[in-house]
Structures are given as structure tokens and as C-alpha cells.
Amino acid sequence: MFNERIVNMLVSKLSNLTLTTTKGKFLADKSYGFDTLFLGARFVNRFRFGEFFYKEDYREKANEYYKDLFCLRDAAQVPNYLTETLALLVFAGVLDLEKRGKYKIVDEDLLDFISSSFEHAYIFEYMLCYCVFKHDGLWNIYQQFCNAKTLKAKQQLYLKYRDIYTQKDSRIRNPEREWANFTPKYPMVILNYANKQNMITRTLRVKPNLVVRTDIALNVRGTRANANLPKKNAYLEDFSDSYVLETLRPYLVTKDERPKQITYSDSFSIDVADTKLDMLDTDNATIESKRKMQESKYKQTNGGMKVRTVQGEFRSGLLRTLPHKCPICGFTYEGFLIASHIKPYAKCEDTYDAMNPQNGLLMCPICDKLFESANFMTVDYKDGRVIYIDDIEHEKDFQYLHNRTIGINYIDCERKHYLRWHNEEFHRKHGQ
């Protein structure tokens with residue numbers, strides 16, 4: 001069995017959990033997204049003080065963290081991302097709330113596991129739902145739901161499941177309230193993704209379409225997004241279904257054929273998160289010194305850690321994702337290739353833009369100089385055509401630019417958003 005150690009560890013730690021558990025809170029609106037859970041656990045691991053995490057000390061940093069990485073504009077909703085993640089971690093026995101805002105880390109292994117990758121955060125959520133459903137007698141109904149042949153049958157089974165769920169969930173005092181209807185949706189959606197089952201609405205309707213990756217993540221386009229910026233969720237494309245499904249295979253109801261190859265690698269978004277945490281961590285020593293005076297046990301978890309540089313991570317991302325050659329002239333000597341920002345670092349709104357490989361190209365020194373800040377050249381975001389200023393049209397040293405285009409693979413992705421900005425800057429400067 002693939003990754004038997006992982007699932008056995010999770011079952012051993014989560015098997016006693018039930019909807020009647022009063023500590024913390026089971027999956028809720030903000031905490032059921034695997035990305036929210038991963039980023040929240042990583043935040044806790046970074047800003048912990050020994051075996052404790054003090055929420056109030058890092059409220060502003062957490063808000064900045066989520067607003068930046070999730071491109072949020074609804075400030076009122078931002079604090080809920082960490083609050084609900086902490087509540088879920090308390091429910092699962094990872095943390096214990098000792099008093100208002102003070103959390104004790106009681107399961108180091110689970111916290112490290114959840115914060116190690118987006119895939120592990122989802123695997124944790126799935127096994128948490130499995131264990132709760134098994135304990136509360138809901139797993140049998142869920143299996144029937146998966147095996148039902150018609151949408152009508154699935155609908156009837158979901159309503160049956162919903163009635164039992166609302167009777168057991170200790171949070172639900174009045175099953176007639178609107179939020180009580182959509183609370184049972186969250187664990188069902190988590191389970192349905194891996195089992196390739198139908199999406200559930202907040203109005204209790206089973207939809208014909210299957211749950212997709214964006215349904216189990218929160219960092220997707222929606223009303224809380226900043227309309228002027230693309231969402232920062234390239235990790236959705238990197239998410240390894242093969243790794244997740246093979247790990248969960250013994251606990252799946254719907255099982256496909258085994259994949260010929262299992263792909264699994266860290267997304268650049270992990271580096272984005274950690275670089276953002278490095279930036280937020282600059283004054284952490286002051287808070288740690290204060291806590292050292294208040295606590296008898298003190299452990300500095302981040303001492304001596306090498307701080308990432310934005311440009312270094314940016315270049316590594318380009319070398320990892322792009323051919324090692326200039327897409328305009330074909331220059332291939334890697335030591336001289338330059339990690340060129342499309343939207344310059346100084347103009348990037350946030351860490352994501354500054355580090356995103358989609359905001360860059362590997363270029364030779366000459367093409368980089370021409371391309372920099374759209375001073376002499378740009379690349380059309382629609383068709384990859386190289387556009388340059390009239391002054392170099394007849395220069396013999398730049399004849400190679402004539403009728404030049406870059407490959408469609410360079411622009412058939414998020415990179416076109418940045419190239420569009422570059423095009424507009426070029427036309428603004430040169431009036432072409």
C-alpha cells in the first residue's frame with residue numbers, strides 16, 4: 001500500500017473524534033479549504049513560541065499574510081481564515097486552547113504533517129472526515145451515496161445524511177437556521193473530491209457536476225478577491241492527484257485504476273508563503289524576548305534559519321519551469337541567463353508577483369536589457385510576437401528580432417497577464 005505509514009498515523013490520531021466533540025470546531029467555511037489549512041498551519045509553525053502560539057501577538061501579521069497570498073479585499077473576513085483554522089486544529093487535537101488567544105501545541109507530528117505540503121493538508125482533511133464519519137455512523141450512508149446510480153437517489157441519501165449530521169454536531173443548536181443547512185456540506189465536499197462525486201450546494205442540492213479542485217480550495221475567484229489582480233493559486237495546477245489518491249486508496253469508496261506514475265513535488269507557492277513569513281518575521285525577536293520573560297520553558301524555533309531572497313527564489317523557479325535558453329534569440333549558456341521580471345520587482349504589489357515564475361523569462365543579457373521595464377522591446381501577450389521601438393529597426397545588431405515570436409507555451413498560462421501589463425507599459429512609453 002502506498003504511504004501506509006501516513007494513513008496509519010492519521011487513523012491512530014483521529015479515530016476517536018466525533019461531531020459531539022466540544023473542543024474546537026469541525027470543518028467550517030474557512031477551514032475546509034486545503035490551502036487555508038496548509039497556510040495557517042505553516043503560520044503557526046513559524047510564529048510559535050516553543051510549545052505555544054499566541055494569536056493576539058500575530059493578528060496583524062496574519063491578516064497581512066492572508067490578504068497578500070489570497071489577494072483579498074474584504075477586510076472584515078480576513079481574520080476568520082486563521083481563527084477557523086485554529087478552531088479546526090483544536091478539534092483535531094493538534095492544538096489546545098488554554099485561554100483566550102493562547103494555544104498549546106500538543107501534537108508536533110500532526111502540525112508538521114499538515115504544514116509540509118498542500119497535498120498533506122488535504123489528506124489530513126480527508127482522513128479527519130473519514131474518522132468522524134466512521135465514529136458517528138455516517139460512513140455507511142456516505143458509501144451508499146457514492147454507489148447510488150441516479151442523481152435523485154444521491155439527493156435522498158444526502159438529505160438523510162444531513163438530518164443525522166445536524167442532530168450530532170454539537171455546534172448546531174437550531175437545525176432550522178440557514179447556516180445549519182450548509183454546515184454538513186463541507187466534509188461531504190472534501191470526501192467527494194477524492195471519490196469523484198457530485199458537488200453539494202448550500203441549499204442542500206446535489207448537482208450533476210463533480211467536485212473539482214477549486215471546490216476544495218478557498219483561494220479562488222470570488223466576491224472577496226481584488227478584481228484588479230489575478231488570484232495567486234498556481235499551486236492548484238501543481239496539486240498531485242496521483243500522490244493523494246494513492247495515499248488514500250484504502251479509504252476511498254470510488255477507486256480508479258492505479259496510475260502508471262506518481263508525481264509529487266513542492267509548488268513554488270510554498271516558497272512564496274515562506275518568503276512572506278520571512279518578511280513578517282523581522283521583528284519576531286522582540287515578541288519572543290517578551291514571552292521568554294513570561295514562560296519558564298523557552299525554545300527559539302527559527303534561530304539561525306537562512307532567510308530566502310526573493311530574487312534567488314524567483315530565479316530558481318524560472319530554472320525549474322522554463323527551458324534553459326533565451327526564448328527570443330536562443331542563447332543557452334545558463335551561467336549568463338538572467339531571470340528577467342516581466343512586471344519589474346519594484347512595481348510588484350506583493351510577494352507573489354515578485355516571486356512568481358509566470359512573471360518572468362530567462363533571457364540573455366542583451367534581450368534582458370532590451371526587455372527591461374519595456375524600454376526597448378515587448379512581447380505581445382496574445383500571440384508571442386516580438387515588438388520593438390523604431391530606433392532599432394535598422395540596426396544591424398538587432399536584425400535577429402525581425403519577425404521573431406516566442407513559443408505558445410510561454411504565453412498560454414498566467415504569464416500572459418504580466419505580458420499584458422508589459423505591453424501596456426511599452427505602448428504608454430512609446431505611443432505605438
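All of the numbers you see were taken from the coordinates with simple rules; none came from a lab. Note that this is a predicted model, so its numbers are computed, not measured. Counting neighbours? That spans all protein chains shown, and the Cβs are built from the backbone with ideal geometry, glycine included.
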Exercise for the section: Over the alpha-carbon set of the chain, divide Rg by the Kirkwood Rh and report the Rg/Rh ratio to two decimals. Expected result: 1.03
Problem - Extension gain from N403 to R171, taking 0.36 nm per residue of separation minus the Cα-Cα distance - result: 77.0 nm
Handout entry: Computed FRET value (nearest 0.05) for K255 with E424, which takes r as the C-beta separation and R₀ as 30 Å
Key = 0.05
Fill in the blank from the handout: Plugging the Cβ-Cβ distance of L97 and E237 into 1/(1 + (r/R0)^6) at R0 = 41 Å yields, to the nearest 0.05, a FRET efficiency of 0.70
Exercise for the section: Using label points projected 7 Å from each Cα along Cα→Cβ, tell me how many nm separate D163 and Q144, to one decimal. Expected result: 1.1
Practice task
For an R0 of 41 angstrom, estimate the FRET efficiency from the Cβ-Cβ distance between Q311 and L151 and round to the nearest 0.05.
Solution key: 0.20
Completion exercise
Taking a crude spin-label model, label points 7 Å out from Cα along the C-beta direction, the F336 to T201 distance in nm is 6.1
Fill in the blank from the handout: Here, N209 and C329, labelled 7 Å along Cα→Cβ, have an inter-label distance in nm of 4.7
Fill in the blank from the handout: From DSSP H assignment alone, runs of 4+ in the chain each adding -39500 (n - 2.57), the sum over residues rounded to the nearest 500 puts [θ] at 222 nm at -13500 deg cm²/dmol
Exercise for the section: Rounded to the nearest 10 degrees, what's the angle between the helix 185-195 long axis and the longest principal axis of the chain, both from Cα atoms, 0 to 90? Expected result: 70
Completion exercise
Once normalised by the length of the chain, the mean sequence separation of its alpha carbon contacts under 8 Å that are 6 or more apart gives a contact order in percent of 15
Practice task
Would you work out which of Y400, T351, P323 lies farthest towards the positive end of the dipole of region 310-430, given +1 charges on the beta-carbon of Lys and Arg and -1 on that of Asp and Glu, about the Cα centre?
Solution key: P323
Completion exercise
Connecting every pair of Cα atoms under 10 Å apart in the chain and solving the GNM, the largest mean-square fluctuation among N233, N356, N140 falls on N140
Practice task
Round to the nearest 10 and give me the degree value, 0 to 90, for the angle of helix 284-294's Cα axis relative to the longest principal axis of the chain.
Solution key: 30
Completion exercise
Taking the dipole of the chain about the Cα centre (Lys, Arg +1; Asp, Glu -1; charges at Cβ), the one of Y165, Y264, A76 that reaches farthest to the positive side is Y165
Exercise for the section: Would you mind checking the tilt of helix 268-280 against the longest principal axis of the Cα atoms of the chain, expressed as 0 to 90 degrees and rounded to 10? Expected result: 90
Exercise for the section: Go ahead and set up a Gaussian network model of the chain, Cα springs under 10 Å, then flag whichever of R171, R404, R221 fluctuates most. Expected result: R404
Problem - Stretchable slack from E51 to N63, in nm (0.36 nm times residue separation minus alpha-carbon distance) - result: 2.1 nm
Fill in the blank from the handout: The ³J(HN,Hα) series, computed from each phi in region 311-324 with the Karplus coefficients 6.51, -1.76 and 1.60 at θ = phi - 60°, rounded to the nearest Hz and given as x for glycine or proline, is 5, x, 5, 4, 5, 4, x, 5, 5, 7, 10, 10, x, 7
Problem - Length released on extending from S116 to R385, taking residue separation times 0.36 nm less the Cα-Cα span - result: 92.8 nm
